[in-house]
1. Since Trp78 meets every condition but one in (1) over 28 Å from Arg55 (Cα atoms); (2) among the aromatic types (Phe, Trp, Tyr); (3) surrounded by 15 or more Cβ atoms within 10 Å (Cβ to Cβ), which condition does it not meet?
2. Kindly check whether there is at least one residue in region 117-126 that is of a type outside the set (D, E, K, R), over 25 Å from Thr6 (Cβ atoms) and over 11 Å from the mean Cα position of the chain (by Cα).
3. Only one of Arg55, Arg71 is touching a residue at least 12 places away in the same chain (Cβ under 8 Å) and farther than 27 Å from Thr92 by Cβ. Can you tell me which?
4. Those residues that are among the acidic types (Asp, Glu) and free of Cβ contacts under 8 Å to residues at least 24 places away in the same chain, I need them from region 1-52; list them, please.
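The values are calculated or read from the model by the stated rules, or taken from the named source; none is laboratory data. Because the structure is a prediction, the values reported are computed rather than measured. Heads up, the Cβs are rebuilt from the backbone with ideal geometry, glycines too, and the neighbour counts pull from every protein chain shown.
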Amino acid sequence: MATHWTLGCDAADPHRLAAFWCLALGYVPEPGYDDPHGASIVDPDGRGPAIGFLRVPEAKAAKNRVHVDLRVAGEPPWDLAQRERLIRARATELTAAGASHVRDESYGEQQLAHVVMTDPEGNEFCIA
């Protein structure tokens, strides 16, 4: 049996970061959790882990050692043109919500592998 777990994250603005990740992951604020110095979000279907955001005084200082990959295109086999449209559409949506585009990564010269982005506080994540 797998262990139930929560991903803990440091944040300058926990509520802003929680709202961004709710949009990115399709999560919702954790019912009953109300803390001015922290926020918690959960998978409304109960499958994924909870994610907690705790206010800390220091800023992010280095590259993440762990990051999230959003797999918006589903599982292979893919229609490669459709996969790229799904990835770019999600990147555009999350940019409007405060993310920043870092770079595109490709397989070979033509096939988009994933888009590297940062969330509103500079934490790296990928869209694949």
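1. Every listed condition holds for Trp78 apart from (3).
2. No, region 117-126 contains no residue that is of a type outside the set (D, E, K, R), over 25 Å from Thr6 (Cβ atoms) and over 11 Å from the mean Cα position of the chain (by Cα).
3. From the options Arg55, Arg71, the qualifying one is Arg55.
4. Glu30, Asp34, Asp35, Asp43, Asp45 - these are the residues of region 1-52 that are among the acidic types (Asp, Glu) and free of Cβ contacts under 8 Å to residues at least 24 places away in the same chain.
For every residue, the table says whether it meets (1) surrounded by fewer than 10 Cβ atoms within 10 Å (Cβ to Cβ); (2) touching a helix residue (DSSP H, G or I) at 6+ places or on another chain (Cβ under 9 Å); (3) not assigned by TED's automatic domain parsing to the domain that holds Glu30.
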{"site": "Asp45", "(1), (2), (3)": "yes, no, no"}
{"site": "Gly48", "(1), (2), (3)": "no, yes, no"}
{"site": "Ala61", "(1), (2), (3)": "yes, no, yes"}
{"site": "Ala73", "(1), (2), (3)": "no, yes, yes"}
{"site": "Gln82", "(1), (2), (3)": "no, no, yes"}
{"site": "Ile87", "(1), (2), (3)": "no, no, yes"}
{"site": "Ala91", "(1), (2), (3)": "no, no, yes"}
